[in-house]
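Notes follow once the structure below has been shown.
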Amino acid sequence: VPNANAAGATLYVSPASGKYQVGQTFTMSVMVNSGGGNGINAAEGSLKFDPTILKAQTVSKGSLFSLWTEEPKFNNTAGSISF
């Protein structure tokens, strides 16, 4: 999964890869490196996945931001997660 860069910050997913069994549930986190300790107050992004092999079950908010202009959401038909 490629990283997204803007104004010195990098968004990335963890784990970046893995091997899973059919039907197995796993957790993936979106992380941010603000680039040298700089603070951030906003971010947005979207993840695309092949809906024929993956299905999102839930999207939860971490503690990075206290306010969200739009709630994180997923669409298993389109194969997307947006925040």
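The values are calculated or read from the model by the stated rules, or taken from the named source; none is laboratory data. This one's a predicted model, so the numbers in the text were calculated from it and none came from an experiment. Neighbour counts are summed over all protein chains in view; Cβ atoms, including those assigned to glycine, are modelled from backbone coordinates with ideal geometry. Accessible surface areas use protein heavy atoms only, side chains included; no ligands, DNA or RNA. Shrake-Rupley method; radii C 1.70, N 1.55, O 1.52, S 1.80 Å.
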Using each residue's phi in segment 66-83, evaluate 6.51 cos²θ - 1.76 cosθ + 1.60 at θ = phi - 60° and report the 3J(HN,Hα) Karplus result to the nearest Hz, with x for Gly and Pro.
8, 10, 10, 6, 9, 5, x, 8, 9, 9, 6, 5, 7, x, 9, 10, 10, 8
Please list Phe65, Phe83 from largest to smallest accessible area, probe radius 1.4 Å, with all protein chains kept in place.
Phe83, Phe65
Interchain or long-range residues, amide H under 5 Å from Ser80's placed H:
Phe49, Asn75
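Give me the 1.4 Å probe accessible area per residue for the chain, excluding ligands and nucleic acids, in Å².
Values: 6610 Å² over 83 residues.
Value for the chain: 80 Å² per residue.
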Report the full-extension gain for the segment Phe26 to Ser60: residue separation times 0.36 nm, less the Cα-Cα distance, to one decimal in nm.
10.9 nm
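Ignoring any ligand, DNA or RNA, what whole percent of the accessible area of the chain comes from carbon and sulfur when the probe is 1.4 angstrom?
On the way: 3390 of 6610 Å².
Carbon and sulfur together cover 51 percent of it.
So how strong a dipole does the chain carry about its Cα centre when Lys and Arg Cβ are +1 and Asp and Glu Cβ are -1, to the nearest 20 debye? It would help to have the intermediate numbers written out before the result.
On the way: 5 positive and 4 negative charges, 42 e Å.
That gives the chain a dipole magnitude of about 200 debye.
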Would you mind checking which residues have amide H under 5 Å from Val13's amide H? H placed 1.01 Å from N; only 5 or more apart, or other chain.
Met31
With the Cα gyration tensor of the chain in hand, give its eigenvalues times 5 under a square root as the equivalent ellipsoid semi-axes, listed largest first in whole angstrom.
24, 15, 11
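Per 0.36 nm of contour for each residue apart, how much would the distance between Glu70 and Ser82 grow if the chain were fully extended, relative to their Cα-Cα spacing?
Numbers: separation 12, 0.36 × 12 = 4.32 nm, distance 0.93 nm.
Computed gain between Glu70 and Ser82 is 3.4 nm.
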